[in-house]
1. For the stretch 383-399, how many residues are over 22 Å from Leu479 (Cα atoms) and either crowded, with 18+ Cβ neighbours inside 10 Å or in contact (Cβ under 8 Å) with a residue 60 or more places away in the chain (or both)?
2. Does Met337 fit the bill of being open to solvent by 10 Å² or more (accessible area, probe 1.4 Å), on the phi < 0 side of the Ramachandran plot and of a type in the set (A, V, I, L, M)?
3. Working only within the stretch 59-75, note down all residues that are in contact (Cβ under 8 Å) with a residue 40 or more places away in the chain and either of a type in the set (Asp, Glu) or over 18 Å from Ala511 (Cβ atoms) (or both).
4. Give the residues of the stretch 480-497 that are free of Cβ contacts under 8 Å to residues at least 60 places away in the same chain and exposed (fewer than 14 other Cβ atoms within 10 Å of the Cβ), sorted by residue number.
5. Within the stretch 515-555, how many residues are open to solvent by less than 10 Å² (accessible area, probe 1.4 Å) and of a type outside the set (S, T, N, Q)?
6. Looking only at residues in the stretch 294-317 that are within 29 Å of Gly574 (Cβ to Cβ) and not in a strand (DSSP E or B), which one is most open to solvent (accessible area, probe 1.4 Å)?
7. Please specify each residue of the stretch 419-436 satisfying the condition of being over 21 Å from Arg509 (Cβ atoms) and either among the β-branched types (Val, Ile, Thr) or open to solvent by 20 Å² or more (accessible area, probe 1.4 Å) (or both).
8. Quick check: is even one residue across the stretch 435-443 modelled with pLDDT under 95 and of a type outside the set (A, V, I, L, M)?
Amino acid sequence: MSTRYDVVVVGAGFAGSLIARSLGEHGWRVLVLEAGAGQAPEDAVRKFHTTFAKTPTSPYRTTVAAPSPDVLDLAPGVDGYLRQRGELPYSSPYVRVNGGSGMAWNGLVPRMHPEDFRAGRFGQGRDWPIGYHDLEPYYRAAEREIGVAGDVGEQRDGVGLPFPADYVFPMRDFPRSHLDEVIAEAVNGRRVRDPFQDNEIELQVIGTPQARNAVPDPRYDGGKGFRPDGHRCVGYASCVPICPEQAKYTPLRTQARWPGTVTLRTRAVVNRLHSTANGRITRLEYQAYQDDTSARHTIHTVEAELVVLAAHAIENAKLLLMSGLANRSGQVGRNLMDHPALLTWGLMPGQIGPYRGPGSTSGLEGFRFGPARAARAPFRVEFGNWGWNWALGTPDLDTAELLREGVFGTELRRRLGDRLGRQFTLQFEIEQEADPANRVTIDPTVRDRLGNPRPVLTYRLSDYVKRGMVAAKRVSDQLFALLGAEDHTRYTPAMPGYLEFDGEPFAFRGAGHGAGTHIMGAAPSDSVVDQWQRCWDHPNLYAVGCGSMPALGTSNPSLTMAALALRSAGHMHGQLTDRRRVTLSTTHEEPSIR
């Protein structure tokens, strides 16, 4: 059977949900095909409670037919859903469920710095075909849709981000953690040296904009204020992977506002796009499976005027490669990026109250920009509010060690309280430049239970990124000295992402910020999509999301992805309107009411 829609969106995550809402509100008939299953938030919370390994994907219903990569199978030499073939592991998971990885994200939404759009001018990576000011109005629209809490003045003065003079975020800035206050008192106004920069950098603790409910700002929208969806954050420390209070934004909020013109179909794995000789996509095939534990499925076909791929950078590339599309430039699947995260961890002199509240509420922004990025990758510094959880898996690790030492009862409680209460982590999220050697490919001999190729990844870090790690560790050493903290950082070969550079050991984590693979550019010779995220080779096919980003900068990419999606949705509406006008003029039909 074949059904026709105005638009088919592949993927119901951040970008797909936003685009479906925008086009649906214009009256277009939109079908959203999601490979994963649907799940009520309360069911996900219950699953999280009962799962032994509390990983970023543990609350969510994975299926045999549409598996997801988990952190437990991303280590070197371990072949899970992603087949790793590079010198280093690509160690960021994602989840194929309704809502996508927007269900399991941390909820940090800083904007990119204007300099990030011109990374190629520093001799590293690529420039964007658009700039900060092209995206700025869509940043504001995304901040409204998501519901962002933050201090515009602090972002303007401390980070150097341009905002309209009268703009405020929908909600007031999030309260700082006790750790934030302790660090601010020790470091604000002090200076540290970057080994790749002549001048010392002055330190200033800056709050990080959050996509979770705080106190609405009555000044927002010219005094109309903002009414958030969901409850206010009450300090649960499980933002990754789930907020029990539903205070953090997820794409399910946007889906709840979809008009009746939008239809969602879960358990629908798109495995083929078909095009005509002139490049237009005529139809999609998808495999509809019935339950979580079986690969039994039926095959369906759907036709559309316009097709939007919004299934994650890796899945978008896989589908384009399976279909043999959009690859005139040879760049489909290439330029796979992430934010390699270097962690350092230690013990404060006194109690700092970890393991409560969002994972990070403040950081240092002065290493994101400036001339040093010509020599080493730039980075943001996040203060980790969850002790050594990301670094070492505590508090379970600490408890197990003390039990092995024979410590029980009151003494166990005392020693855990002292140790856990002083733990903190510095998280250095380092920009990775676009490198064509980092890529997604497919291998016909490596298939999933539906018979579709699994992604095969080749991944490495350049010396430019490794020099960023060197700079981050040198900055960390100076910060620990200013804080009077004990540095317990130790990188070992057993850790994921272990490497050595100039004789010095490091170990990085994946930040979950998959990008590249269908990169945006100014010409079809060296990019896959144009500035509207439309494939150069196919006038009615868009590949949207972080996969389009030619440079990641140092900010968490979800807000930028949302802004890009809203900008592209306007272009899609214009394309659909123009095509409908041509059709009507050709057939002399009466226009329908939209």
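1. 3
2. no
3. Pro59, Tyr60, Arg61, Thr62, Thr63, Val64, Ala65, Ala66, Pro67
4. Hits for the stretch 480-497 are Ala481, Arg490, Thr492, Pro493, Ala494.
5. So the count comes out to 20.
6. So, considering only residues that are within 29 Å of Gly574 (Cβ to Cβ) and not in a strand (DSSP E or B), the one most open to solvent (accessible area, probe 1.4 Å) is His312.
7. Listed by number, the residues that qualify are Arg419, Arg422, Pro436.
8. Looking through the stretch 435-443, at least one residue is modelled with pLDDT under 95 and of a type outside the set (A, V, I, L, M).
The values are calculated or read from the model by the stated rules, or taken from the named source; none is laboratory data. As the structure is a prediction and not an experimental result, all values here were calculated from the model. Ideal geometry is used to build each Cβ from the backbone, glycine not excepted, and the neighbour counts take in all protein chains shown. Protein only, heavy atoms only, side chains kept; ligands, DNA and RNA dropped before computing areas. Shrake-Rupley method; radii C 1.70, N 1.55, O 1.52, S 1.80 Å.
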